[in-house]
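Chemist: Just passing along the structure, written as structure tokens.
The values are calculated or read from the model by the stated rules, or taken from the named source; none is laboratory data. Since we're looking at a predicted model, the values are computed, not measured. Backbone-built Cβ (ideal geometry, glycine too); neighbour counts: all protein chains shown. The protein model used for the area step is the full one, side chains on, heavy atoms only, and it has no ligands, DNA or RNA in it. Shrake-Rupley method; radii C 1.70, N 1.55, O 1.52, S 1.80 Å.
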Amino acid sequence: MDPMRDTRTGLLLAVLLFGAAFGPSGISAAPGNEPGNASGNEPGNEAILRVTAAPNAARTAVMTLGSPNAVSRMLNGGVRVRTHYLPVTDASMALITGEGRQTFAVDRNGYVYDPVKGEKILLRRTDRLLLKKRVDQLRGSYYGLLLPWDEAQSRIPMASTFALTDVETGKTFRVQRRAGSSHADVQPLTRGDTEIMKDIYGGKWSWKRRAVLVGTGDTVLAASMHGMPHGGDGIPDNGFSGHFCVHFLGSTTHKSRSVDPEHQLMVYKAAGKLTDYVGTLNQDELAAAFFKTFNLKEIPAARMLFVDPYNETFEQLLSQMERISSDGKTGKTAYAADDSLVAERSQIVKLYAAGSRVRQARLVLRLVRGTPAEPWKIESLSINRFNPPS
């Protein structure tokens with residue numbers, strides 16, 4: 001199977017975009033709501049830079065770039081090399097001319113990828129650094145500040161009100177902090193706020209963690225929320241029976257006083273730093289992150305765990321299974337020492353397919369890294385005694 005063939009569709013959905021003289025930028029809560037032709041180009045000709053947290057996210061940050069001709073010259077001045085894997089990235093560049101639309105992925109270092117041809121474009125150093133600078137600026141307008149709980153809680157003191165914005169949908173509602181010392185226990189202010197929150201969760205309350213932005217007046221903070229009313233109430237007539245929790249970097253649960261990994265994953269997502277987070281995971285944490293990202297349907301984060309982000313077996317699991325459960329007990333772990341470059345994790349899991357019976361299988365993850373200083377990645381994923389649903 002050609003890995004590039006399977007990655008093209010995902011990348012074309014995942015990203016867009018670059019330029020020489022840069023125009024206005026902004027954040028849109030509607031997909032495809034791109035700036036008009038404000039740079040004096042020929043009608044229909046544009047170069048656009050875009051940042052979005054997920055391929056299907058409604059909320060995007062876009063920047064209209066300068067002359068499409070200048071962008072074309074920049075791309076033509078780069079060296080194209082064949083690449084086996086295309087990156088998981090939140091940034092893309094679209095070049096729109098009378099000849100059609102070309103879409104490119106842009107990674108965190110300013111390298112450009114052509115998903116149609118399966119090529120990495122090595123720009124001249126000055127062009128690459130300028131592109132990286134513009135992407136960083138756009139990402140800065142899109143994501144929140146990663147601030148530890150000890151510092152974040154002073155920005156949202158008890159009884160204060162603030163806005164929560166869902167990173168993907170862009171929907172915003174207001175809440176009040178009512179309690180919580182290890183994280184913030186908050187409640188929607190009004191029935192209208194409650195309805196917006198419930199709409200974010202598709203009309204049904206859920207414990208699912210979501211990446212959110214906390215507006216504190218002068219700063220936007222990265223955070224995570226769940227969507228399930230529980231515990232004490234305090235605001236009458238808001239249509240929300242109880243409170244819900246908002247976590248920040250390093251915040252913990254009240255009972256166990258332990259960090260919730262799923263909340264932390266979403267905090268890093270809200271900060272646009274999932275790549276950094278994944279790079280810190282050891283073998284056990286990486287294996288656990290595979291299950292968490294799969295079950296949360298945080299697919300871009302899950303892809304970051306793999307050497308090949310579009311691993312064939314992983315793609316099959318995505319298309320066939322709703323959830324994978326594990327008791328957390330390791331059936332077999334094999335690796336030599338702290339300086340090992342290869343590790344293997346084996347666990348008995350239950351596979352849940354929509355409208356089908358539960359199936360049990362042994363799932364084996366082979367983990368690799370180039371040097372002891374490099375992050376672990378999943379090289380291969382295998383499932384024994386796994387029969388796909390008919």
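Chemist: Hey, can you rank 98-107, 232-241, 152-161 by average C-beta count inside 10 Å, highest first?
Modeler: 98-107, 152-161, 232-241
Chemist: Just the number please: accessible area per residue for the stretch 40-104, 1.4 Å probe, all protein chains included, in Å².
Modeler: The answer is 41 Å² per residue.
Chemist: Continuing with the same structure: When you count, for each residue, the other Cβ atoms within 10 Å and take the mean per peptide, how do 77-85, 49-57 rank with the highest first?
Modeler: 49-57, 77-85
Chemist: Related question: Enumerate the aspartates and glutamates that residue 350 could reach by cross-link, defined here as Cα to Cα under 14 Å, with residues fewer than 8 away along the same chain left out.
Modeler: 322, 327
Chemist: Rounded to a whole number of µm²/s, how large is the Stokes-Einstein D of the stretch 144-204 at 4 °C and 1.567 mPa s, given Rh as the Kirkwood radius over C-alpha pairs?
Modeler: Here the translational diffusion coefficient equals 104 µm²/s.
Chemist: Residue 339 to residue 228: extension gain in nm, 0.36 nm per residue of separation minus the Cα-Cα distance?
Modeler: Separation in residues times 0.36 nm, less the Cα-Cα distance, equals 35.7 nm.
Chemist: May I ask which residue of 251, 265, 278 lies farthest towards the positive end of the charge dipole of the stretch 220-282, with charges of +1 (Lys, Arg) and -1 (Asp, Glu) on Cβ and the Cα centre as origin?
Modeler: Selected residue: 278.
Chemist: Show which aspartates and glutamates lie in cross-link reach of residue 132 when reach means a straight Cα distance below 14 angstrom and same-chain residues fewer than eight apart are skipped.
Modeler: Leaving aside aspartates and glutamates fewer than 8 places away in the same chain, those within reach of residue 132 are 90, 107.
Chemist: While we're here: Set the bar at 32 Å for Cα to Cα. Now go through 133/377; 117/273; 117/297; 204/273; 120/198 and name every pair that lies beyond it.
Modeler: 120/198
Chemist: At 1.4 Å probe size, with the rest of the protein present, what percent of the exposed accessible area of the stretch 116-245 is carbon and sulfur atoms?
Modeler: 51 percent
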